[in-house]
Amino acid sequence: MRYILNKSPTFTELSCYLLPGHTTSPADAISEAQQAEALGLAKVWLSERYDVKEAGVICAAALATTSSIHVATAATNLHTRHPMVLAAMASSLHHLSGGRFELGLGRGISIRNQMMGLKDVSNQQMIEGIDLLRKLWHGEKVMGYDGAMGELPYLSMGDWLDADIPIHFVGFGSRSMRLAGEHFDGVHLHPFISDRGLQRVKTMVDKGCEAAGRDSEAVKIWSVIVTAVNPSREDYLRKFVARMATYMQAPNYVELLVELNDWDPKVLEKFRASPVVSAMPGSIDSVATLNQLEEISELIPREWLSAAIGSVDDCARAWKNQLLHGADGIVIHGSTPEEFAPVIEAYKVL
């Protein structure tokens with residue numbers, strides 16, 4: 001079953017995160033989704049965390065309390081649910097909302113995979129996994145499958161199903177971007193990608209499309225940009241420094257971002273070796289004090305924090321800049337709709 005929405009967003013190229021960063025108030029997702037819809041945004045995204053941000057629950061709440069905006073995961077992981085459970089979750093959200101759900105899939109962070117007893121997700125798992133999902137969503141039966149996703153004797157969700165659910169690749173590695181161009185409907189990037197990095201992403205996605213014989217317009221690139229209007233020092237530390245520092249904590253994670261942006265890897269080595277970081281008892285964005293964040297800020301070059309920051313006009317120009325360097329759409333991160341609403345007015349007149 002295919003759905004046609006009655007209302008179009010004012011800004012098809014604008015979207016934002018729900019519950020940006022760490023939260024203890026998951027119900028805020030409802031008002032944030034409603035506010036984003038009222039501002040005319042096309043989409044909201046949820047980054048799943050294993051505390052109070054379970055993707056199925058939060059996306060269902062956002063979809064059930066809005067009428068036109070799309071709600072997407074960015075990301076949940078391919079291997080944390082059985083393929084049938086993941087397919088059913090996405091299909092349920094699709095039919096619940098009249099076709100407004102989109103699935104963003106990532107590989108997960110290696111260290112967290114290890115802690116959960118999970119193996120890292122290979123490219124072949126991604127390819128075969130999304131193929132299984134699409135078959136199930138279109139009422140096909142999967143019989144005798146034995147491949148990268150494991151051994152699946154028989155899967156069927158009912159032959160009446162006929163759902164086209166967009167699947168976005170959530171990541172930023174060079175091989176992953178080519179993979180996305182070959183197999184996915186969209187790409188959801190990472191915060192703090194430079195202009196040059198964004199141009200390189202576009203080139204790699206286009207190469208993947210070309211290799212698969214696809215039109216490059218078939219894969220939409222969504223660039224994530226952390227946004228803060230005239231932030232206080234505390235806001236700057238928590239929204240920018242703490243976020244980047246948390247990415248830099250994870251082994252074998254931010255290295256891909258360093259490579260993409262042509263940053264100096266010695267900066268990352270010095271950061272991880274610093275006493276304030278090495279002694280941190282958890283994710284920096286969750287547990288660090290303001291004094292610790294001040295110390296950590298000295299370890300991160302300012303150019304590593306490419307973002308929309310300053311006046312409403314500064315932020316609006318930063319958004320537009322993403323579109324000029326290869327993005328089809330932007331994902332506003334680090335601010336709620338109430339906080340970034342003034343930027344929308346400035347963006348209208350650019």
Would you grab the residues whose amide H sits under 5 Å from the one on S47? Only those 5+ places off in sequence or on another chain, please, with H modelled 1.01 Å from N.
L18, A74
Quick one: give the max-minus-min coordinate of the C-alpha atoms of region 195-309 along each principal axis, largest first, in Å.
52, 31, 22
Report the local net charge at S174: Lys and Arg +1, Asp and Glu -1, summed over other residues whose C-beta lies under 11 Å from its C-beta.
+3
What is the set of long-range amide H partners of Y145 at a cut-off below 5 Å, with H atoms built 1.01 Å from backbone N?
L152
For the chain, what ratio Rg/Rh do Cα atoms give with a Kirkwood hydrodynamic radius?
0.95
Farthest positive-ward along the chain dipole, Cα basis, beta-carbon charges - from F240, P26, L86:
L86
Explain nothing, just compute: Karplus ³J(HN,Hα) = 6.51 cos²θ - 1.76 cosθ + 1.60, θ = phi - 60°, for every residue of region 305-315 in order, whole Hz, x for Gly and Pro.
10, 5, 6, 9, 8, x, 6, 4, 5, 4, 5
Could you state the angle between the C-alpha long axis of helix 337-348 and the longest principal axis of the C-alpha atoms of the chain, as a value from 0 to 90 degrees rounded to the nearest 10?
90
If you filter region 287-323 for GluC sites (Glu not before Pro), then keep DSSP loop positions with at most 14 other Cβ within 10 Å, what is left?
E298
Neighbourhood net charge (9 Å Cβ-Cβ; Lys/Arg +1, Asp/Glu -1) for H79:
+2
Could you name the aspartates and glutamates whose alpha carbon sits less than 12 Å from that of K53, not counting residues in the same chain fewer than 8 places away?
D28
Tell me, what HN-Hα J-couplings in whole Hz come from the Karplus equation 6.51 cos²θ - 1.76 cosθ + 1.60 at θ = phi - 60° for each residue of region 160-177, using x for Gly and Pro?
7, 5, 7, 10, 9, 10, x, 10, 9, 8, 9, x, 7, x, 4, 5, 5, 5
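So what's the back-of-envelope 222 nm ellipticity for the chain, counting only DSSP H runs of four-plus at -39500 (n - 2.57) apiece and dividing by all residues, rounded to 500?
-12500 deg cm²/dmol
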Highest to lowest packing among 26-37, 143-154, scored as the average C-beta count within 10 Å:
26-37, 143-154
Calculate log10 I(q)/I(0) of region 1-106 for q = 0.17, 0.18, 0.22 Å⁻¹, where I(q) comes from the Debye formula with a single equal point scatterer on each Cα and nothing for solvent.
-0.73, -0.82, -1.20
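At a threshold of 8 angstrom on Cα-Cα distance, excluding pairs fewer than six apart, so keeping six or more, what relative contact order does the chain reach in percent?
After rounding, I find 17 percent.
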Residues meeting the amide H criterion for G310 (H placed from the backbone, H to H distance under 5 Å, 5 or more places apart or on another chain) are A228, N230
Considering only the chain, what is the antiparallel percent among its DSSP beta bridges, to the nearest 5?
15
Can you tally the net charge around V44? Count Lys and Arg as +1, Asp and Glu as -1, for every other residue whose Cβ sits under 11 Å from the Cβ of V44.
-1
Antiparallel DSSP bridges in region 155-309: what percent, to the nearest 5?
0
List the chymotrypsin sites (Phe, Trp or Tyr not before Pro) within region 7-57 that fall in a DSSP loop (any state other than H, G, I, E or B) and whose Cβ has at most 16 other Cβ atoms within 10 Å.
Y50
Please work out the Cα center distance from region 300-323 to region 120-141, rounded to the nearest Å.
37
Quick one: check the C-alpha center-to-center distance for region 325-343 versus region 21-81, whole angstrom.
15
To the nearest 10 degrees, the tilt of helix 55-64 (Cα long axis) against the first principal axis of the alpha carbons of the chain is 80
Once the Cα atoms of helix 195-211 and of the chain are each reduced to a long axis, what angle between those two axes, in degrees from 0 to 90 to the nearest 10, is obtained?
20
Please give the length that would be gained between A250 and S232 if that part of the chain were fully extended, namely 0.36 nm times their separation in residues minus their C-alpha to C-alpha distance (nm, one decimal).
3.8 nm
Per DSSP, loop trypsin sites (Lys or Arg not before Pro) in region 74-144 with at most 14 further Cβ within 10 Å
K119, K141
Kirkwood Rh and Cα-based Rg: tell me the resulting Rg over Rh for region 63-172, rounded to two decimals.
0.98
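Any read-out appearing in this document is the output of simple, stated calculations on the displayed coordinates, not a laboratory observation. Being a predicted model, the structure only gives us computed values, none of them experimental. FYI the Cβ positions are ideal-geometry reconstructions off the backbone, even for glycines, and counts take in every protein chain you see.
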